[in-house]
1. So how do S113, S101, S91 line up by other beta-carbon neighbours within 10 Å, fewest first?
2. Hey, what did region 43-140 get for relative contact order, percent, Cα under 8 Å, at least 6 apart?
3. Cut-off under 28 Å on the C-alpha distance; same-chain residues fewer than 8 positions from K128 excluded. Which lysines are left, in chain and number order?
4. Take region 45-140, drop everything but the C-alpha atoms, weight them equally and run the Debye formula without solvent; then report log10 I(q)/I(0) at 0.11 Å⁻¹ to two decimals.
5. Identify the GluC sites (Glu not before Pro) of region 79-140 meeting these criteria: DSSP loop state and at most 13 other C-beta atoms within 10 Å of the C-beta.
6. Once R0 is set to 35 Å, what does the formula 1/(1 + (r/R0)^6) return for the Cβ-Cβ distance between H50 and R87, expressed as a FRET efficiency to the nearest 0.05?
7. Under the rule of at least 5 residues apart or a separate chain, name every residue whose amide H is placed under 5 Å from the amide H of V76.
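None of the figures in this text is laboratory data; all of them are computed from the coordinates on show. Quick caveat: nothing in here was measured; it's all calculated off a predicted structure. Using ideal geometry, Cβ is built from the backbone for each residue, glycine included, and neighbour counts are taken over all protein chains shown.
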Amino acid sequence: MNALQVYGPFGDARFDDLIRGFLKPVRAARDAAAPIKVDVTEKPEAFVVHAEIPGVKKEDIQVTVEGNQVTIAAEVKRESEQKEGDRVLRSERYYGAVYRSFVLPVELDETASQAKYEGGVLELTLAKKAQVAGRKLTIQ
């Protein structure tokens, strides 16, 4: 005789994924591609950061260094005009403000740091602050 199995449609993982897909906000999926992607490399004297910011003019990028925190902000602007009779069928490109902030393990010297933007990639050379050696106190 065959064993009887109970079927529970809500226990199936595929059903759960289907429902989650319908309930996910559309804007969240679009904004997932917006953050700035970075690669950070440490050298003995500095950190080198490569940040992908395509489609942005260098005048629209701001880099802030405060202590050991680095913030990269950019404004992606819509450049195209819609002409009379044109109809947009699909628009997936992101327009608006994006930023990325991260903390590095040592203090940074913002006066000796440099930034260069070329081909959609921002390259930051963030100089490390010289470590102050501890002073030995004499006990009296």
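1. Working: S113 18, S101 12, S91 9.
Lowest count first: S91, S101, S113.
2. Computed over region 43-140, the figure is 36 percent.
3. By straight Cα distance, K128 reaches K37, K43, K57, K58, K116, K136.
4. With one equal scatterer per Cα and no solvent, log10 I(q)/I(0) is -0.48.
5. Working: sites: E79, E81, E84, E92, E107, E110, E118, E123; in loops: E79, E81, E84, E92, E107.
Hits after loop and neighbour filter: E79, E81, E84, E92.
6. On the way: r = 39 Å, r/R0 = 1.10.
It comes out at approximately 0.35.
7. G96, A97, V98
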